[in-house]
Every structure is written in structure tokens, then in C-alpha cells.
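The values are calculated or read from the model by the stated rules, or taken from the named source; none is laboratory data. Quick caveat: nothing in here was measured; it's all calculated off a predicted structure. Every residue, glycine as well, gets a Cβ built from its backbone with ideal geometry; the counts of neighbours run over all protein chains shown. Heavy atoms of the whole protein, side chains included, go into the accessibility calculation; ligands, DNA and RNA do not. Shrake-Rupley method; radii C 1.70, N 1.55, O 1.52, S 1.80 Å.
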Amino acid sequence: MQTVSVNLGQRSYAIELGEGLLSRVGEILKARGIGGRVGIVSNPPVADLYGEEVRESLRRAGYETALVLIPEGEAHKDTASLGLIYDALVEQRFDRSATLIALGGGVIGDVTGFAAATFLRGIDYVQIPTTLLAQVDASVGGKTAVNHHQGKNLIGAFHQPRLVVIDLNTLRTLPPREFAAGMAEVIKHGIIEDAGFFGFLEERMDSLLSLDAAAVESAVAASCRIKAAVVEQDEREDDRRAILNFGHTIGHALESFTGYERFLHGEAVAIGMIQAAVLSAGRGLCSAAELGRIEALVRSAGLPWRIPGDIALEDLVAGMALDKKSQAGKIRFVLCEGIGRTRFQWFSPAEIVRELAPGP
Ligand SMILES: NC(=O)c1ccc[n+]([C@@H]2O[C@H](COP(=O)([O-])OP(=O)(O)OC[C@H]3O[C@@H](n4cnc5c(N)ncnc54)[C@H](O)[C@@H]3O)[C@@H](O)[C@H]2O)c1
Ligand SMILES: [Zn+2]
């Protein structure tokens, strides 16, 4: 087991990671001084796999637990699911000393975090992320939200967890496509902040995809450390935290253009990272060789890497210019300066279309 610290003054917390931690959740919470009753929020498939193990461990440590299930899927990251959580907490008379546990992927983490941010004006919560994406990204940094039918994550709050417990064994039941999607965010962390880590990923991608325990632990720990360091510098995304959006400008456009059905988030980000690297190379910020390494690493993870031929670049870019983050029709991109550094640059829609490689 190893610990990564997220240092945010009074809101600091630990990320404990290792194999087999689910059966030790109770003692880990006790050791961290977490008291009160515990409401575990999950969805049916994840609860079937891991719910009883977590509950049993909490019971052994003397915790009184309740399980709240919300339906599976991004479509249920909504206010109706929040309502289910609030109803259960009120019905069972949870008070301010209670703690919520998010047991699942990023959807469960985001909904549970927002419920914890708002129930009785804020109670503690613990993240137990069970997807690679949630382990390396969603569970770290305190962004919580639910979707509105007009847009993703429109209703949310910053609320840091008290603790994150990552059991790497949970990745063994994750579908390979979901694992690869999480790997896109891992690769992103290398590109934006850490050339050495990027090199490690190049060397060990095969081991990672075959779930070699030591390789996976190193990659998840390094990823958490990188994200934590960025969040520590800019907790509420005034500026610097936006480097975590590398690959996301085109990624979000692809997801929204295809109705959130064709790509998993990480798959859209994989394509977006390569396009951002193409723009970076076009402006002389990264070399052709570095662009080639980024493309090769993304492809070696089994991720898609090109904008599919049936999606017109003009249509994607038109959508971006309407985004709330664009200014005077210009779009801010996170570009890479080689591997391991970033910088922001503004592009007009016409410049993006001109400078990006066409699809196949
Ligand atoms: N808060 C943040 O900073 C942040 C960052 C990135 C993404 N997100 C959010 O995270 C969400 C995506 O998260 P995700 O990729 O984890 O998707 P997800 O939560 O939908 O999980 C993916 C699928 O895997 C299943 N699953 C989860 N763990 C499993 C396991 N161990 N074995 C088998 N199946 C398992 C889930 O039931 C689901 O069907 C999005 O809503 C996104 O907005 C939040
Ligand atoms: Zn992302």
C-alpha cells in the first residue's frame, strides 16, 4: 500500500492505494478518525461485485452502514439520482457526523460528492473509485456535479473528499474498453507534466494492458501525484488547473457532436490529444518526433486516434466557438511544448480547420 497526499490546507487528504484494500476499508477509515454512520452510494453492477466486501469490512470496524443504489450510467448522473440519495439519508435520519462513500466510477463519485457537498450544508465523503478513469482523475481534486439535460456538469460544487481509497484489484473486472479510456487520462498526465512518466508508459504499456500489478500501481500512483500537484496550485481552476483540459477541447466537441453515444470520454480525449499535439507541432512548440511518440503511445493503448472520416472538422469547430469558454469567437487550446510542458494559445475557428490534419 502507498499513500499520495493532496495538500490543500484544512482540506488536505490522503489517497491510499494498493491491492485488496476493499476488505480493509473499515480499519482505514478508523485509522483516519472518520466516525459516524456511513452511507455507501453505488450502482447495481458495482454493488453486486464489491458492495458486500466493503460493508462487511465497515461492520467489522464497528460502523453502522446503509447502501443507497442509483441506476447505472451517465444518463443517471442527474438530479433524480441526487433525490434518491437525499431521500435515503433523510429517511434514515443521517446527521452531520455521517460520511458518504462513493463506490463506483466517475458517475457515482460525482453524484455522491455533490450530495455530500449539499446534504445538511455539507458532510464528509470518501471516494472508492473502481474504474481507471475515476482512480487517476475523477476521484482526485474535489470537482463534483450532476448533469442538466441542457449540458454536462452544469450543477456542481467544489467539495474535497476526506479520503480516497483505491483498490487496484477492482480494475480486474473492468471491461478492457473502459480501462483503455482511463489510460487516455494517464497518458495526458505524462504529456502535460512529466516526460519521465511518459517514457515509463512507452516502456510498460503492454504490462499495463495485461494488468501487471507493479506497473499498474506505479502508473496510478504517478497519475494521482501529478493531478494532485496541479490541483494544489489552483484548487478552483482560476487558471493553471485548466492544463488538465489538454485534449479536451476537441474531445468534448467530439462527444457532444456524437450525442455522447459513440465515444467513451477517454476515447474522445485520446483523439483530442493527438489533434492538440498536431496544432502544437504546427506552431513549432513540439517536434515531429514528439508528435509521433504521442500518437504511437495513444495507439499502443488501443485507443482511437483520428477524427473519423464521417465527422467534418468544420462542424466540430463550429460547435466549439459556441462553447461558454470561448471568447469573441476564439477558442483557447492547451498546447504541449514538447513532452512534459504546456502553454495556452487562442485560435480562431478558421485557424483550427486550416492547421489540423484531415481525417482518413
Ligand atoms: N470530478 C472530476 O474531476 C471528473 C473528472 C473526469 C471525469 N469525471 C466524470 O466521470 C464520469 C465518467 O467516469 P467513468 O469513466 O468512471 O464512467 P462510469 O462511472 O460510468 O463507469 C463506467 C462503467 O463501468 C462500470 N464499472 C465501474 N467500476 C467497475 C468495475 N470495477 N468492474 C466492472 N464494471 C465497473 C460502471 O457501472 C459503468 O457502467 C463522467 O460523468 C465524467 O464527467 C469527473
Ligand atoms: Zn477527462
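Does the stretch 123-156 hold any residues that are within 11 Å of ligand 1 (Cβ to nearest atom) and aliphatic (A, V, I, L, M), and which are they?
If the condition is that a residue be within 11 Å of ligand 1 (Cβ to nearest atom) and aliphatic (A, V, I, L, M), then 128, 132, 133, 134, 136, 138, 140, 145, 146 are the ones that fit.
When you go through 25, 68, 54 one by one, which is the residue that is part of a strand (DSSP E or B), open to solvent by less than 20 Å² (accessible area, probe 1.4 Å) and more than 17 Å from residue 159 (Cα to Cα)?
68
What's the number of the only condition in (1) away from ligand 2 (no atom under 16 Å from the Cβ); (2) closer than 18 Å to residue 242 by Cα; (3) over 20 Å from the mean Cα position of the chain (by Cα); (4) modelled with pLDDT of 95 or more that residue 281 fails to meet?
All conditions pass for residue 281, except number (2).
Please find, among 62, 35, 20, 73, the residue that is at pLDDT below 95 and more than 16 Å from ligand 2 (Cβ to nearest atom).
The conditions single out 35.
Based on what the data block shows, is residue 332 among the basic types (Lys, Arg) and closer than 29 Å to residue 175 by Cβ?
Judged against the criteria, residue 332 is not a match.
When you go through 226, 192, 187 one by one, which is the residue that is of a type in the set (Val, Ile, Thr), open to solvent by 10 Å² or more (accessible area, probe 1.4 Å), within 16 Å of ligand 2 (Cβ to nearest atom) and under 26 Å from residue 144 (Cβ atoms)?
So the residue among 226, 192, 187 that is of a type in the set (Val, Ile, Thr), open to solvent by 10 Å² or more (accessible area, probe 1.4 Å), within 16 Å of ligand 2 (Cβ to nearest atom) and under 26 Å from residue 144 (Cβ atoms) is 226.
Might you let me know whether the stretch 282-293 holds any residue that is assigned by TED's automatic domain parsing to the domain that holds residue 333, in contact with a helix residue (DSSP H, G or I) (Cβ under 6 Å, 6 or more places away or on another chain) and either under 27 Å from residue 14 (Cβ atoms) or polar (S, T, N, Q) (or both)?
No: the stretch 282-293 contains no residue that is assigned by TED's automatic domain parsing to the domain that holds residue 333, in contact with a helix residue (DSSP H, G or I) (Cβ under 6 Å, 6 or more places away or on another chain) and either under 27 Å from residue 14 (Cβ atoms) or polar (S, T, N, Q) (or both).
What's the number of the only condition in (1) over 18 Å from the mean Cα position of the chain (by Cα); (2) within 15 Å of ligand 1 (Cβ to nearest atom) that residue 212 fails to meet?
For residue 212, the exception is condition (2).
Answer yes or no as to whether residue 112 is of a type in the set (S, T, N, Q), outside the structural domain of residue 274 (by TED's automatic domain parsing) and either within 14 Å of ligand 2 (Cβ to nearest atom) or under 24 Å from residue 302 (Cα atoms) (or both).
No: the conditions fail for residue 112.
Looking only at residues in the stretch 17-43 that are under 20 Å from residue 119 (Cβ atoms) and of a type in the set (Gly, Ala, Ser), which one is nearest to the chain's Cα centre (by Cα)?
Ranking the candidates gives 42 first.
Conditions tested, residue by residue: (1) open to solvent by less than 40 Å² (accessible area, probe 1.4 Å); (2) under 17 Å from residue 253 (Cβ atoms); (3) at pLDDT 95 or above.
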{"site": "292", "(1), (2), (3)": "yes, no, yes"}
{"site": "324", "(1), (2), (3)": "no, yes, no"}
{"site": "348", "(1), (2), (3)": "yes, yes, no"}
{"site": "354", "(1), (2), (3)": "no, yes, no"}
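Is there a residue being at pLDDT 95 or above and part of a loop (DSSP other than H, G, I, E, B) anywhere in the stretch 106-121?
So far as the stretch 106-121 goes, no, none of its residues is at pLDDT 95 or above and part of a loop (DSSP other than H, G, I, E, B).
Select from the stretch 326-336 the residues that are on the phi < 0 side of the Ramachandran plot and open to solvent by less than 40 Å² (accessible area, probe 1.4 Å) and write down the one among them that is modelled with the lowest pLDDT.
326
Working only within the stretch 240-277, note down all residues that are polar (S, T, N, Q), surrounded by fewer than 23 Cβ atoms within 10 Å (Cβ to Cβ) and more than 14 Å from the chain's Cα centre (by Cα).
256, 258
For the stretch 78-126: of the residues being over 19 Å from residue 37 (Cβ atoms) and over 21 Å from the mean Cα position of the chain (by Cα), which is most open to solvent (accessible area, probe 1.4 Å)?
Checked the stretch 78-126; the qualifying residue most open to solvent (accessible area, probe 1.4 Å) is 80.
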